[in-house]
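Before any comments, here is the structure.
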Amino acid sequence: MNPLIWWIWQIRWPITLLTISLPINAQVNWTSPESLDLTRKRVSTGSGRAVVVTANPLASDAALMTLKQGGTAMDAVITAQTVLTVVEPQSSGLGGGAFLLYWDVKTKRLYALDGRETASSHAKEDAWVKSDGSVFSWLEASRSLSAIGVPGTTALLWEGHQRFGRLPWRANLNKSIKIAKDGFMPSPRFLRSISLAQLIGINHSSSFKALYLPDGSLPSQKALFRNPILAATLTRIAEGGANEFYRGETAKKLLIDLNLNQTDNNPVQTITADDLANYQVYEREPLCRSYRSWRVCTFPPPSGGGVSILQSLGIFEVLSESKFSETNTWHWHLLAESMRFGDADRSHWVGDPIDWPVPLNGLISDSYIKQRAQLIKFDKTIFSPLPGEPKGSESLDLASQPRTTGGGTTHLVVVDIEGNVASYTGSVETVFGSRRISEGMVLNNQLTDFSFASSISGKPIANRIGPKKRPMSSMAPVIVFKNGRPVLAIGSPGGWLIPHYITTALIRTLDLSLPPKEVVSRKHLSVRPNETVLEIGSEWSGSHSYIRKSLKRLGHQIKWSRFSSGLALIYRQKGIWHGAADPRREGKVTSLP
Ligand code: GLU
């Protein structure tokens, strides 16, 4: 069977079968990979000269405290990410990876630091292919030791601290150590995420069960949840920095844990001491393009999300004669189409640039964007556009990879009093990553973001696994500039849909000047191959149902879905920053006047 069809077949069945109702306010359902809080209505907002938005109140409070103590936005990111490792372990942590976009006021420069998980230097191209030639099912792969990439988060935070931090490294970790030791009250989403992990499968992980399902059941909602082993790990990292994580006791224990979990009759390739010791954070060139009078900057490959956002914005700008209007059917049609074209290119041309050159300049050049826009029809949707042929791709003969799943990611944004701005997306890939725990930390399964098949019909796939490669990501932290100054920072979790959420949010903010509160709460439109997906509860079923009907007339196959975006947004107007956290998750905004 064609590996692509096999892969889709493998993944679809378990996904549709996995649905369970829980006594904690929401249904956990694999069609919406992160468990979302259906009961949450209030949108957290805040304004001031310094603003923090993270996915968890404890992390936002701790990061604000860091700013109050004179820390920079970078210090606040370190505080927030280490606290999230404790309180939102289903989404990100030191056992995962991250991308940081950072505007540094002193040098007046935008930096892109890549702390993405990396495959072992021993990784084989056929890591996800079985002996009979079929590829692993996603469920199988996501719990395999082979899915765990060398975590990059600690190295990224350390590197960021060396460049942009002011408070002592240790000071930035104190709060996370205290919370891990003294405990925190489990949030509804934390508990639902444990249930979701159970649903995906935890039988391979006694360490997960011991920590998150004590006595075989969910932790009590009414008692403090402690993670003393993680407190000890964080304490060691507070003392010894990145060196402790990659070469010290934490590294040794991680390798022991991985090896203990090998099965004698079927050992798999996993990361080695050298892989850990040699992990590197890459400084990359931010990817920027204009949208009307703004300059939108985001993350380059291995992010495919960034390319996709810039392409979609560009195509939309070429085609829309006026600024976006929520009540204009054409605009929704054009937005959906521009997302489809963005998706077609990222799944074809983007992979880790260490393998072959991604035709990046070609993909976002004005002439190419215009050429792609001309293919879009005003009277008919094009369900599955083919990838284009950007300049620089002439010598590449590749196959497209199928969409990936996702679920365990967080986004945070910080602006400090001096005007440093951080837009940071961290991830462990699936909910609780591989569901394997080492030293109290959730270990990622990020290598399932590689294409499972390395080629289709003899043509290689850009995002295939290989030694020291970083898997293509949808994560796309964004910072927007006007007249050379940052005016907006945004990002979101949400797997493949991340660029769809962010593109729409950017258009709503920049074209409509909507306040962040409105932008994060308005309903999403997204696209899948052959379908246009509207968020359940949207106006498209009520006062604006004419839009849905018109889209249908243009051939859109309309589907309804819940979305679990986690937008974190700050927007500067008249010198004051305004922030909002997506009401679909548990985020909070904190600020200094
Ligand atoms: N692993 C995914 C990526 O890097 C993100 C998953 C998610 O957003 O939940 O693109």
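Ranked from largest, the principal axis spans of the Cα set of segment 313-370 equal 44, 19, 11 Å.
May I ask you to work out the translational diffusion coefficient for segment 74-120 at 10 °C, viscosity 1.306 mPa s, via Stokes-Einstein with Rh from the Kirkwood sum over Cα pairs, reported in whole µm²/s?
Values: Rh = 12.1 Å.
So the translational diffusion coefficient is about 132 µm²/s.
Would you calculate, for the chain, the mean residue ellipticity at 222 nm contributed by helices, counting each DSSP H stretch of 4 or more residues as -39,500 (n - 2.57) and dividing by all residues, to the nearest 500?
Values: 18 runs with 211 residues, N = 593.
Computed mean residue ellipticity for the chain: -11000 deg cm²/dmol.
Quick one: divide the alpha-carbon radius of gyration of segment 36-173 by 2.2 N^0.38 Å and tell me what you get. Compared with the compact-globule rule of thumb, segment 36-173 sits at 1.30.
Between Glu285 and Gln69, the FRET efficiency from the beta-carbon distance, with R0 = 45 Å, is close to 0.85. Farthest toward the positive end of the dipole of segment 278-387, out of Pro301, Leu334, Asn278, is the Cα of Leu334, where the dipole comes from beta carbon charges about the Cα centre.
How long is the gain from Trp356 to Lys178 if the chain were fully straight, where each residue apart is worth 0.36 nm and the alpha carbon distance is subtracted? Walk me through the intermediate numbers first.
Details: separation 178, 0.36 × 178 = 64.08 nm, distance 4.49 nm.
Working it through step by step, the gained length comes to 59.6 nm.
At full extension, His544 and Asn328 could sit 76.8 nm farther apart than now, given 0.36 nm per residue minus the alpha carbon distance. Given Lys323/Lys517; Lys222/Lys517; Lys252/Lys468; Lys482/Lys517; Lys108/Lys323; Lys175/Lys253, which pairs have Cα atoms separated by over 26 Å? Pairs exceeding 26 Å: Lys222/Lys517; Lys108/Lys323. Residue separation of Lys559 and Lys380 scaled by 0.36 nm, minus their Cα-Cα distance, works out to 62.7 nm of gained length. Residues Thr590, Thr381, arranged from fewest to most other Cβ atoms within 10 angstrom of their Cβ, appear as Thr381, Thr590. Relative to the compact-globule estimate of 2.2 N^0.38 Å, the Cα radius of gyration of the chain comes out at 0.89. The alpha carbon centroids of segment 471-506 and segment 270-331 are separated by 6 Å. If you wrap the Cα atoms of segment 264-339 in a convex hull and average its projected area over all directions, you get 9.2 nm².
In loop segments of segment 366-397 as defined by DSSP, the trypsin sites (Lys or Arg not before Pro) with at most 13 further C-beta atoms inside 10 Å of their C-beta are Lys377, Lys380, Lys391. Other residues lying with their Cβ under 10 Å from the Cβ of Ile558 contribute a combined charge of +3, Lys and Arg counting +1, Asp and Glu -1. Computed from the C-beta positions of Asp274 and Ser206, the FRET efficiency with R₀ = 35 Å rounds to 0.80. Ordering Gly149, Pro357, Gly537 by Cα displacement along the dipole of the chain toward the positive end leaves Gly537 in first place; charges were set at the Cβ atoms of Lys, Arg (+1) and Asp, Glu (-1).
Placing dummy labels 7 Å off each Cα toward the beta-carbon, the span from Asn266 to Ser121 is 2.9 nm.
Here segment 490-593 is treated as an ellipsoid with the same Cα gyration tensor; its semi-axes, largest first and in whole Å, are 27, 15, 12. Kirkwood radius for segment 347-468, taken over all pairs of different Cα atoms as the inverse mean of 1/r, rounds to 17.6 Å.
Taking the Cα centre of the chain as origin, work out the dipole magnitude from +1 charges on Lys and Arg Cβ and -1 charges on Asp and Glu Cβ, in debye rounded to 20.
Values: 66 positive and 49 negative charges, 324 e Å.
Its charge dipole is roughly 1560 debye.
Protection proxy ranking of 283-293, 297-307, by the mean of other Cβ atoms within 10 Å over each peptide's residues and highest first, is 297-307, 283-293. Put the Cα centre of segment 578-593 next to the Cα centre of segment 340-369 and the gap is 33 Å.
Looking at segment 360-513, what % of its DSSP beta bridges pair antiparallel, to the nearest 5? Walk me through the numbers before you get to the answer.
Details: 18 of 20 bridges.
Antiparallel: roughly 90 percent of the beta bridges in segment 360-513.
Equivalent ellipsoid semi-axes for segment 427-543, as square roots of 5 times the alpha carbon gyration tensor eigenvalues: give them largest first, rounded to whole Å.
Details: eigenvalues 197, 77, 61 Å².
Rounded to whole Å, the semi-axes are 31, 20, 18.
Dividing the Cα radius of gyration of segment 284-429 by 2.2 N^0.38 Å, with N the residue count, gives 1.11.
Show which aspartates and glutamates lie in cross-link reach of Lys552 when reach means a straight Cα distance below 20 angstrom and same-chain residues fewer than eight apart are skipped. Cα-Cα hits under 20 Å: Glu326, Glu337, Asp379, Glu531, Glu535, Glu539.
Here the calculated FRET efficiency for Lys391 and Lys459, from their Cβ-Cβ distance with R0 = 25 Å, stands at 0.80, rounded to the nearest 0.05.
Scoring 419-426, 232-239, 330-337 by mean Cβ neighbours within 10 Å over their residues and listing the highest first yields 419-426, 330-337, 232-239.
Taken together, the values in this text are just the output of simple stated rules run on the coordinates, not laboratory data. Keep in mind it's a predicted model, so treat the numbers as computed, not measured. All Cβ positions, glycine included, derive from the backbone under ideal geometry; neighbour counts span all protein chains shown.
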